[in-house]
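Colleague: Please read through the structure below; I'll follow up with questions.
Every read-out reported here was derived from the displayed coordinates using simple, explicitly stated rules and does not represent laboratory data. Since we're looking at a predicted model, the values are computed, not measured. Counting neighbours? That spans all protein chains shown, and the Cβs are built from the backbone with ideal geometry, glycine included.
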Amino acid sequence: MKPFFSIQNCLSLEQIKHIDQLENKLETLYHTGHYTDRGQALGLSKEKDMPGHILNEIYDIIKDKVEENVGTLSAMSRAKVFMYPTYGVFSRSVMPMTEHIDIDKSHIDYNKSPGYSILIPLTSNYKESTVVWNAVKKDIDLDVNPENLDILEDPDYTYTKDENDLTSHCVHTKSNLVGKPYVFEHTPGDVILWNRKYVHASSNSSNYDYILDTKHMTPELNNLDANPGSFKTLDKVVKRFALLLTRFER
Ligand SMILES: [Fe+2]
């Protein structure tokens, strides 16, 4: 199975609008997703957790195309493997995520094999990206650092200037020791998938409300210019998306 890929034009404009509506009509307040790992800031977002029926409804919209791409349906049925969603969130990202994996002991069905993270870009003011590396953790309970990673592709890959800029908030991968960063632009209509075990991050950009102070590993307001009162506010959404996490039942 491919570790990460995108499906272009997976959703029609109507389907994207429908998913937008599901978020808007969901009568839940946004909570702050304040992601940390061993006390270090990973990223910040405003989120609404999806109730089960919305999670299943969205998964059903993309299911056929996802299964077609994840492996073949026939291979999956021969091996009696099927993939199912365990968790979904509508996210409005305000500080980009640094490198991490999507596996945590607190997650639903932790005893089942991790499936894919499925990111559905929604309509947004800005077009940002998700970056995925061809690398997995050796010990998933330990940090993402070069000693704890199996690099599955040329570790000596030289970053381009763009790749350096997009990953400038990432702490360990900045050392350029983890191979090529694969950049997936958030184009509404496309769906981006990576195996939950693979190291990934948001792209960095000057459009986020907060940036990561990599010296102290704390969020800092992203100052747009020198004028007083010119800070962005949390209402200026950078990156909107729906994210589904899946597992394999064997
Ligand atoms: Fe993630």
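For (1) hydroxyl-bearing (Ser, Thr, Tyr); (2) farther than 24 Å from LEU26 by Cα; (3) touching a Cys at 6+ places or on another chain (Cβ under 7 Å), each residue gets a yes or a no:
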| residue | (1), (2), (3) |
| --- | --- |
| ILE62 | no, no, yes |
| ARG92 | no, no, no |
| GLU99 | no, yes, yes |
| ILE108 | no, no, no |
| VAL132 | no, yes, no |
| ASN145 | no, yes, no |
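Colleague: Hey, among the residues in the range 105-132 that are closer than 10 Å to LEU245 by Cβ and outside any strand (DSSP E or B), which one's farthest from the ligand (Cβ to nearest atom)?
Modeller: ASP109
Colleague: Say we look at the range 87-103 and pick out the residues that are within 10 Å of the ligand (Cβ to nearest atom) and among the aliphatic types (A, V, I, L, M); which of these is farthest from the chain's Cα centre (by Cα)?
Modeller: ILE103
Colleague: Return a yes/no flag: does the range 145-166 have any residue that is under 17 Å from the mean Cα position of the chain (by Cα), in a loop (DSSP other than H, G, I, E, B) and surrounded by fewer than 18 Cβ atoms within 10 Å (Cβ to Cβ).
Modeller: Within the range 145-166, not a single residue is under 17 Å from the mean Cα position of the chain (by Cα), in a loop (DSSP other than H, G, I, E, B) and surrounded by fewer than 18 Cβ atoms within 10 Å (Cβ to Cβ).
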